[in-house]
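Just so it is clear, none of the values below were taken in a lab; they were calculated from the coordinates. Remember, predicted model here, so these are calculated numbers, not experimental data. No Cβ is skipped: glycine too gets one built from the backbone with ideal geometry, and neighbour counts run over all protein chains shown.
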Amino acid sequence: MTFPVTRRAELPFTPELMHALLLGTAEAPGADFRVLSYYATAVPLGETVRKTAKEISRAVQLSPPNTGKSVRRLVEDGWLEVSYRMGRVTFYRVGPRVIELAARSAEGDSPRGGASVSYLPSAYGPEGR
């Protein structure tokens with residue numbers, strides 16, 4: 001028997017989410033933010049990043065040992081999670097902390113395409129409007 005795969009609704013990667021990730025990892029070494037940023041932006045949020053640690057190291061310009069340490073810290077803190085293992089290679093995706101922040105960020109979004117009105121200063125004062 002097979003079951004259909006349920007896919008999470010795609011969460012947007014917003015500037016607010018990037019800011020929350022920056023503040024959330026402020027206490028961590030700078031390499032952690034670089035690695036987390038890679039995982040958060042390489043694929044849609046929640047999907048597995050199918051790159052090896054060596055490939056990610058090259059992309060973020062860190063040594064493989066530093067990338068590995070960052071990944072371990074990020075997993076321990078809930079920023080990343082193991083998606084699956086294939087042989088000796090482990091693949092990761094963003095963890096529950098990122099998904100939670102993205103969901104909160106998406107809930108706070110205002111509808112796109114809305115207009116706002118503001119008045120420019122006028123030489124005539126408020127009664128001239």
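What GluC sites (Glu not before Pro) does region 1-97 have in DSSP loop regions with at most 11 other beta carbons within 10 Å?
Within region 1-97, the qualifying GluC sites (Glu not before Pro) (loop, at most 11 other Cβ atoms within 10 Å) are 27.
If you average 1/r over all unlike Cα pairs in region 15-106 and invert the result, what Kirkwood radius do you get in angstrom?
Value: 13.0 Å, from the Cα pair sum.
For region 15-106, with only Lys/Arg (+1) and Asp/Glu (-1) charged at the beta-carbon, what is the dipole magnitude about the Cα centre, in debye rounded to 20?
460
Between residue 82 and residue 27, what is the label-to-label distance in nm when each label sits 7 Å out along the Cα-to-Cβ direction?
Result: 2.5 nm between the two label points.
What FRET efficiency would be calculated for the residue pair residue 14, residue 90, taking the C-beta separation as r and a Förster radius of 22 Å, to the nearest 0.05?
Computed FRET efficiency for residue 14 and residue 90: 0.20.
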